[in-house]
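Each remark here refers to the structure printed beneath this line.
The values are calculated or read from the model by the stated rules, or taken from the named source; none is laboratory data. Nothing here was measured: the structure is a model prediction, and the numbers come from that model. Cβ placement follows ideal geometry from the backbone for every residue including glycine, while neighbour counts extend to all protein chains displayed. What goes into the accessible areas is simple: the full protein's heavy atoms, side chains included, and nothing from ligands, DNA or RNA. Shrake-Rupley method; radii C 1.70, N 1.55, O 1.52, S 1.80 Å.
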Amino acid sequence: MEVLKVEGLSKNFGGLQVFQGLSFNVEAGAKLALIGPNGAGKTTLFNILGGQLPATTGRVHLLGQEITHMAPRHRLHLGLSRSFQINNLFFNLTLMENILLALEGAERSHFQMFHPIDAQTELVAVAQELLQSMGLWEKRFDPITTLSYGDQRRMDFALALVSKPKLLLLDEPTAGLTIAESAALADNMRKLPEDTVLFFCAHDMDLVFNLADQIMVLCSGQIMAWGTPQEIQANPKVKEIYLGGEVSS
């Protein structure tokens with residue numbers, strides 16, 4: 001099943017053209033990595049897909065429905081979720097409070113921000129499942145400010161899963177993490193539901209080649225290459241420009 005379809009997508013900032021005529025589609029269950037040099041437009045592409053930036057031209061479809069001009073909150077309800085390079089957390093609240101607010105915010109109906117936790121039995125059960133999956137349940141009543149950076153990134157990932165997305169966008173998910181923390185977060189990514197698309201941008205080539213089943217290479221505003229990790233590693237142009245040295249994001 002096709003989850004994401006992008007047709008003729010272009011983005012200009014005044015006279016600066018970031019990319020032009022991008023077209024691609026992604027099937028359910030794919031783990032797609034996006035790589036390319038600085039300025040290639042990777043974060044800009046994610047911001048357009050997530051609704052944080054408007055496209056100059058082109059169309060975006062999610063699960064067969066056009067979302068090109070749709071607000072981020074409506075995309076969330078249709079099945080698109082994302083995290084950012086900077087953690088998107090309420091730092092003075094506890095882990096449990098962060099999760100409960102996110103769970104209530106993901107509901108289509110109006111919600112109350114302040115009411116007793118013991119009146120939210122169903123939400124608490126979901127919150128427990130999410131926090132346990134990240135190994136954070138024992139810290140549920142700790143303020144976010146007391147967490148290590150690695151735990152904060154795992155918490156941010158947990159929040160991105162609250163809406164049970166069909167398309168999950170992750171921008172540099174392991175940036176700033178230790179090798180062990182990166183490996184732990186990668187394990188969580190592998191445990192996503194089979195039909196969920198994981199579309200992530202990363203400069204961590206170990207993560208890219210060990211997690212992705214497809215890789216898109218964006219360069220000079222165009223899709224320079226697309227293939228399996230083995231095909232990308234064997235691509236002469238990609239190998240010459242990127243894989244011979246450090247692949248930057």
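Brief remarks on what is shown
- Its Kirkwood hydrodynamic radius, worked out from the mean inverse distance over all distinct Cα pairs, puts the chain at 18.9 Å.
- For the stretch 1-90: rounded, prolate or oblate by the Cα gyration tensor [a/c cutoff 1.5]: rounded
- Between Ile179 and Asn38, the simple label model (points 7 Å from Cα in the Cβ direction) yields a spacing of 2.6 nm.
- With contributions of -39500 (n - 2.57) from each DSSP H run of at least four residues, the per-residue ellipticity at 222 nm computed over the chain stands at -9000 deg cm²/dmol.
- To put it simply, the accessible area of the chain at a 1.4 Å probe is 52 percent carbon and sulfur.
- With all protein chains kept in place, the per residue accessible area of the chain amounts to 48 square angstrom at a probe of 1.4 angstrom.
- Longest site-free stretch - the chain; sites: GluC sites (Glu not before Pro), DSSP loop, at most 16 other Cβ within 10 Å: 1-106
- Exposed loop positions in the chain were taken to be trypsin sites (Lys or Arg not before Pro) whose DSSP state is not H, G, I, E or B and which have at most 12 other beta-carbon atoms within 10 angstrom. Between these positions, the longest stretch is 1-107.
- Accessible surface, 1.4 Å probe, highest first, among residues Asp151, Asp142, Asp206: Asp206, Asp142, Asp151
- Accessible area in the full protein assembly, largest first, 1.4 Å probe, for Tyr149, Tyr242: Tyr149, Tyr242
- Modelled spin-label separation between Trp226 and Arg190, with each label point placed 7 Å from Cα along the Cα-to-Cβ direction: 2.7 nm.
- Between the stretch 162-222 and the stretch 129-154, the alpha-carbon center distance in angstrom: 20 Å
- Point-charge dipole on Cβ atoms (K/R +1, D/E -1) for the chain, about Cα centre, debye to 20: 620 debye
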